[in-house]
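Here the structure comes first, spelled out in structure tokens, and everything after it is commentary.
Nothing in this text is a laboratory measurement; each read-out follows from the coordinates by a stated rule. Just so you know, these numbers come straight off a predicted model, no measurement behind them. Virtual Cβ from ideal backbone geometry, glycine too; neighbours counted across all protein chains shown.
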Amino acid sequence: DTALETAFKITRKTDGISAVERERLVADPGFGRAFTDHMAVITYTEGRGWHSPEILPRQPLMLDPAASVLHYAQEIFEGMKAYRAPDGGILLFRPEANARRFQKSAERMAMAQLPEDLFLEAVDQLVTIDQAWVPKPEVGTLYIRPFMIATEAALGVKPSAEFKFIVIACAAGEYFSSDAGAVSVWVEENSVRASRGGTGIAKCGGNYAASLTAQMEGKAHGCHQVLFLDAEERRWLEEMGGMNVMMVFEDGTLVTPPLDTGTILHGITRDSLLTLARDNGLTVKEERYAIDQLYADAAAGRLKEVFACGTAAVVTPIGTFKSGKGDCTIGDGRSTGPVTAKLRQTLCDIQFGRTNDPHDWVKRV
Ligand code: PLP
Ligand code: COI
């Protein structure tokens, strides 16, 4: 699109790593470290609106030490991926859903609203210029991290009058090392992630900072992730530090916590899997489910499969829950159950362009 191409000022990186070095990184990228050469930046100034869209060589930011983001955490982000299709082309999965969720997060955090088309164009431009960083499908994906920070230098507690929207990206393999198989999850009984009226529904950095002590506690118990319970009764499953959770029962019903509590991130993977599950004839229930019930249903063999889902995690089986009450094993604690496997396969086939896309979710870059 030439009009928008000229709207973004493009400054190419000239002193990047060699193609050989890049290929080495992209062949075994890990998660969240193998950053691409460029970044997209759009600036917001009150009274002027969004302006100066640019693609720049990836570089450190210059921020005033009084920038509001550093003091009052006015910050939001998104997580999405670009996928290498069989014909070598590059695909995005439901990018407009990320753009809309970004607007919702901005609204909650009193930040400027970035128009959906600017969000999408910035992602498109960055993926295009850094397309050599999109791994082969057998290796992984390009993980894309759009975010917005409050840059006004002002220590009064008020919404910033200046923001920067930035998109960075990295080549990415599995979020959980593949030898993990089914992961283990710590059930957090002390801290909570979100309460009604809080910021759980927004994808803001503070939610993740607040989850880290629980994550450390989980790690100390040998767990990969943390499951948070509701703030009021400390009883109902909500979600994990960075992914939603789903349960499969012996009668084929798929259950996941509902969104109407306003405390859970509206996962795009979650929404997509519920649609695919219904397409596959499963009964889908978005309803509250108690942790005691989970322990009881697992022990009685009624609860057959549990999995985590999200952009980074894709669909990851959970084999064990651990808490102060003891351990609870799902199935044999190791294998991926048939429903989990089928949903993961169906989702990935669509995302990587290997099958038809009945819901028109995939967009070619
Ligand atoms: N819940 C939390 C707290 C997350 O950070 C994420 C990841 O983005 C998700 C759920 C899953 O959301 P999505 O499927 O849109 O990536
Ligand atoms: C994502 O899945 O995109 C997230 O933001 C989760 C994070 C744990 C990487």
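As an exercise, use a Förster radius of 41 Å and the Cβ-Cβ distance of ASP279 and ALA153 to find the FRET efficiency, rounded to the nearest 0.05.
After rounding to 0.05, the efficiency reads 0.20.
Measuring from label point to label point, each 7 Å out along Cα→Cβ, what is the LEU63 to ALA161 span in nm?
Between LEU63 and ALA161, the label points sit 2.0 nm apart.
Hey, any idea what Rg/Rh is for region 130-199, computing Rh the Kirkwood way over Cα pairs?
Ratio of gyration radius to Kirkwood radius: 1.13.
Students often forget the sequence filter, so: which lysines lie under 16 Å Cα-Cα from LYS219 once same-chain residues fewer than 8 apart are removed?
Of all the lysines, those that pass the test against LYS219 - Cα under 16 Å, at least 8 places apart if same chain - are LYS322.
If R0 is 30 Å, what FRET efficiency do you get for ASP357 and ALA132 from their C-beta distance, rounded to 0.05?
My answer for the efficiency is 0.75.
Give the residues of region 179-200 whose amide nitrogen is closer than 12 Å to a point set 7 Å from the Cα of GLU217 in the direction of its Cβ.
Backbone N within reach: 186-193.
Could you calculate the FRET efficiency of GLU287 with LYS342 from 1/(1 + (r/R0)^6), where r is the beta carbon distance between them and R0 is 25 Å, rounded to 0.05?
Computed FRET efficiency for GLU287 and LYS342: 0.70.
Taking 0.36 nm per residue of separation and subtracting the Cα-Cα distance, what length does fully extending ASP260 through LYS325 add?
Full extension from ASP260 to LYS325 adds 20.6 nm.
Pop out the ³J(HN,Hα) list for region 45-50 in order, Karplus 6.51 cos²θ - 1.76 cosθ + 1.60 with θ = phi - 60°, rounded to Hz; leave Gly and Pro as x.
Each residue's phi maps through the Karplus curve to give 10, 4, x, 10, x, 7 Hz.
Pull out a ≥ b ≥ c, the square roots of the eigenvalues of the alpha-carbon gyration tensor of region 167-315, then state rounded if a/c is under 1.5, prolate if not and a/b is larger than b/c, and oblate in the remaining case.
rounded
Can you sort MET80, MET62, MET216 so the residue with the fewest Cβ neighbours within 10 Å comes first?
Final ranking by Cβ density, sparse to dense: MET62, MET216, MET80.
Net charge around MET246, counting only other residues with Cβ within less than 11 Å of its Cβ (Lys, Arg = +1; Asp, Glu = -1)?
Spelling it out: positives minus negatives among the neighbours equals -1.
What is the log10 of I(q)/I(0) for region 17-82, computed with the Debye formula using one identical point scatterer on each Cα and no solvent, at q = 0.12 Å⁻¹?
These q points yield log10 I(q)/I(0) values of -0.51.
Using Cα-Cα distances under 8 Å and only pairs 6 or more residues apart, what relative contact order does the chain have, in percent?
This gives 18 percent for the chain.
Once each part is reduced to its C-alpha centroid, what is the distance from region 328-365 to region 12-45 in angstrom?
About 28 Å separates the Cα centre of region 328-365 from the one of region 12-45.
Lysine pairs in region 56-186 with Cα distance under 28 Å, only those 8 or more apart or on different chains: how many are there?
Lysine pairs, 8 or more places apart or on different chains, close enough: 5.
Students often get this wrong: which residues of region 304-343 have the backbone nitrogen under 19 Å from the point 7 angstrom along Cα-to-C-beta of ASN190?
322-327
Using the charge dipole of the chain (Lys, Arg: +1 at Cβ; Asp, Glu: -1 at Cβ; taken about the Cα centre), state which of THR45, PHE307, VAL20 has its Cα farthest towards the positive end.
In the chain, that residue is VAL20.
Express in nm, to one decimal, how much length is gained between GLU233 and ALA7 on full extension, taking 0.36 nm for each residue of separation and deducting their alpha carbon distance.
Here the answer is 76.2 nm.
Show me, for region 224-234, the HN-Hα J-couplings you get by feeding each phi into the Karplus relation (A = 6.51, B = -1.76, C = 1.60, θ = phi - 60°), rounded to Hz, glycine and proline as x.
8, 9, 10, 9, 9, 9, 5, 6, 7, 9, 6
Would you grab the residues whose amide H sits under 5 Å from the one on LEU227? Only those 5+ places off in sequence or on another chain, please, with H modelled 1.01 Å from N.
Answer set, sorted by chain and number: TRP186, VAL187, GLU188.
Quick one: Cα convex hull volume of the chain, Å³ per residue?
Given the Cα convex hull of the chain, per-residue volume reads 144 Å³.
Once you order the gyration tensor axes a ≥ b ≥ c over the Cα atoms, which shape class does region 122-241 get: rounded for a/c under 1.5, otherwise prolate or oblate by comparing a/b with b/c?
Taking the square roots of the gyration eigenvalues as a ≥ b ≥ c, region 122-241 is oblate.
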